[in-house]
Structures are given as structure tokens and as C-alpha cells.
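Asks: Before anything else, here's the structure in question.
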Amino acid sequence: MTLDQLIALDAIVASGTFRAAADRLNKAQSAVSHQIKKLEDELGFDLFSRDTYRPRLSPEGEVFYREVTRVLEQVNGLKTVAAGLRSEQEPLVSIVITATMSLDPILTLLGEVGRAFPATHIKLVTEMMGGPLARLMSGEADLIIAGLDDVPIDEVETRPVGTITIRPVASPAFPAADPARVKSRREMQSYTQVVVSGTGGKEYDQSRDLLSGGQRWTVSDFQAKISIIKAGLGWGGIPEHLIRDELKTGALVPLAIEGYPPRHTEIFAIRRRDRPMGKVVSRIWDDLGRGGIQDG
């Protein structure tokens, strides 16, 4: 039994066919098939039921594959440890955080890392919607802090770090701001919804909570969105930490809308499995895992 055989098995399960697995591993399909046949001969049972077009794990194969995933996780962990041990201090570490989350909780952590590794330039960028994921998958970010929407889970490693709440709000002078009743979706279609455009491009468009059929204004950032909503020109969902003072003073009021409750989103630190971590990224990753961060 070899590591390459286990990797081939994982690739077949993840991609669905022997051909797709071969493309993923940059090998000939016959080589992948040969690896699996040798593994099955050694194990003494078939890993796949080949009665259908797409290979399906046999009952024995399902049990074996569960253990394989654990082994591959451990191997990836060992690779990460080895890469960290042989790496030097990175000259640049790029972190992208979703703009829906406050920077405050992570600044203390990054300050400590900056003092420990003064030769490393830490680049911290905020992006909207699918922007963090786009930067990670293009290789522009070493790690991101964002939600899991559209994230290719088999290609990344994640760890939970906190939560945020997106709450629909409006100015108290806004016609739909009456807190005494729940507004229907049909009624809200007659009012302007203010939304923030994503920065991930078409491939990573993650627009959410859009009310279909209504008038819409699109802005580039949350501060512009808040200003427009406070001016009574529309309504929209805003991260609670950005409007805590406005909610206390009554400058903004929560809306009760049918099918549009406050959205609680768990936020994760996310990194690509195929990119080894250097000393500085490893320190940040470990610190995030130990303490986490919360919505500021």
C-alpha cells in the first residue's frame, strides 16, 4: 500500500470518475486504474462497484475510504509542519478579510505577529462578497477570513474563528420602518434596496439577500450604504458591528421583513491545502485556531 495509491483513491472519489481523477493528478487514466487495481489486489476486496457509469464505492470501500481521508489529513499536516520547519521568515504575508467583519478583533493578533517577525511585511486587505475567495484561489492571498459560501472544501483547510450578524435596517423616517408589524416581500418590492457590489468578479459572485422584483441601488462599500440608508433613500442589510451606535441612538431601526430575518454567518480562517505555510503564516494560523475572533 502506497501513499500514491491512497491519493489516487481520494481523487477518484472527489472527482467522480477515473478520467477526471487522472486529469486532476496529471497522470494517464491507465496509470490511475493500475494503482487502484494493485491496491484492491493487496486488500483482497473491490473498492468500487463498477456496475454504473460512475464508479461508486463498495460497502467495504466506503469503510476503507473513511480511514484513507484521516491518513491523508495527517499526511497534509506533516507536510505543513515540515514546510514550516524548513522555511525562512516570509518577506510578505497577504491576508484578505471579508468587509462584513470588523478588523478590530484581528489587529491585536497581527500586532503580536508583527513584533515577533519584524522583517515580514503584513498586507491586510478587505474585500466584498466573493472577493476574499477570489484572492485565495488566484494565489494573491496566503489566507483569508470569510464565510464558506462557494468555497471548494476539498481544496482548502478551514477553522472557525467567529460569527457576524447581518441585520436589515432603515432610517426611522423610512416609510417601511414601522416596527409594529412584519412587512411582506411584496410590500418591500416598492422600496429601494441598497446593496454592496462584490469584488470577486463573475466567477466568485456571492450576492445574497437580494429581494427580487424591487428597485435596487448598488454601492461599492458599507459606509456608502449606511449613508444612503440613514438619509432615508432605501433599506438594506448591514453588519451589526458597523451600526451599533446608530441602533442605540435610533438613527437606524431594525426591519421585520417576511423571509428576510437577521442572518448569522460563521466566519472561518481559510487556506489552500496545496500551498505550504511559512513561519509567519503558520503562527497566524495557529493563533487564530487557539483564540478565534469574534464580531467586533
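The values are calculated or read from the model by the stated rules, or taken from the named source; none is laboratory data. Note that the coordinates shown come from a computational prediction; the quantities given were computed from them, not determined experimentally. Because the Cβ atoms are built from the backbone with ideal geometry, glycine has one as well, and the counts that use them run over all protein chains shown.
Asks: Given (1) in a helix (DSSP H, G or I); (2) within 16 Å of I95 (Cα to Cα); (3) touching a Gly at 6+ places or on another chain (Cβ under 6 Å), where does I267 come up short, assuming only one miss?
Replies: Of the numbered conditions (1) in a helix (DSSP H, G or I); (2) within 16 Å of I95 (Cα to Cα); (3) touching a Gly at 6+ places or on another chain (Cβ under 6 Å), the odd one out for I267 is (1).
Asks: Next question. Which pairs do you get when a residue that is in contact (Cβ under 8 Å) with a residue 12 or more places away in the chain and closer than 25 Å to G111 by Cβ, found in region 256-283, comes within reach of a residue that is of a type in the set (K, R) and surrounded by fewer than 18 Cβ atoms within 10 Å (Cβ to Cβ), reach meaning Cβ atoms under 6 angstrom, with the pair 6+ apart or on two chains?
Replies: Filtered contacts from region 256-283: A269/R159.
Asks: Looking at D221, D178, which is the one that is modelled with pLDDT under 90 and more than 26 Å from P132 (Cα to Cα)?
Replies: Among D221, D178, only D178 is modelled with pLDDT under 90 and more than 26 Å from P132 (Cα to Cα).
Asks: Can you find a residue in region 73-86 that is out of contact with any helix residue (DSSP H, G or I) (no Cβ under 8 Å at 6 or more places or on another chain), within 30 Å of K279 (Cβ to Cβ) and surrounded by 15 or more Cβ atoms within 10 Å (Cβ to Cβ)?
Replies: yes
Asks: Follow-up. Does I144 satisfy the condition of being part of a strand (DSSP E or B), out of contact with any Leu (no Cβ under 6 Å at 6 or more places or on another chain) and crowded, with 20+ Cβ neighbours inside 10 Å?
Replies: No.
Asks: For region 114-138, how many residues are under 14 Å from I95 (Cβ atoms) and assigned to a loop (DSSP other than H, G, I, E, B)?
Replies: Count: 2.
Asks: Still on this structure, please answer the following. So V113 ticks every box in (1) hydrophobic (A, V, I, L, M, F, W, C); (2) modelled with pLDDT of 90 or more; (3) over 25 Å from the mean Cα position of the chain (by Cα) but one. Which box is left unticked?
Replies: (3) is the only condition that V113 fails.
Asks: Output yes when any residue across region 49-71 is touching a residue at least 24 places away in the same chain (Cβ under 8 Å), under 24 Å from W285 (Cβ atoms) and β-branched (V, I, T), and no when none is.
Replies: Checked against the condition, which is being touching a residue at least 24 places away in the same chain (Cβ under 8 Å), under 24 Å from W285 (Cβ atoms) and β-branched (V, I, T), region 49-71 yields at least one hit.
Asks: Quick check, is G232 at pLDDT 90 or above and assigned to a loop (DSSP other than H, G, I, E, B)?
Replies: So G232 passes the test.
Asks: Oh, and also: So which residues in region 1-60 are polar (S, T, N, Q) and surrounded by 12 or more Cβ atoms within 10 Å (Cβ to Cβ)?
Replies: Within region 1-60, Q5, S15, T17, Q29, S33, Q35, S49, S58 meet the criteria.
Asks: Let me ask something additional. Quick one: which residue in I284, I229 is within 25 Å of V182 (Cβ to Cβ) and either touching a helix residue (DSSP H, G or I) at 6+ places or on another chain (Cβ under 7 Å) or of a type in the set (A, V, I, L, M, F, W, C) (or both)?
Replies: I229
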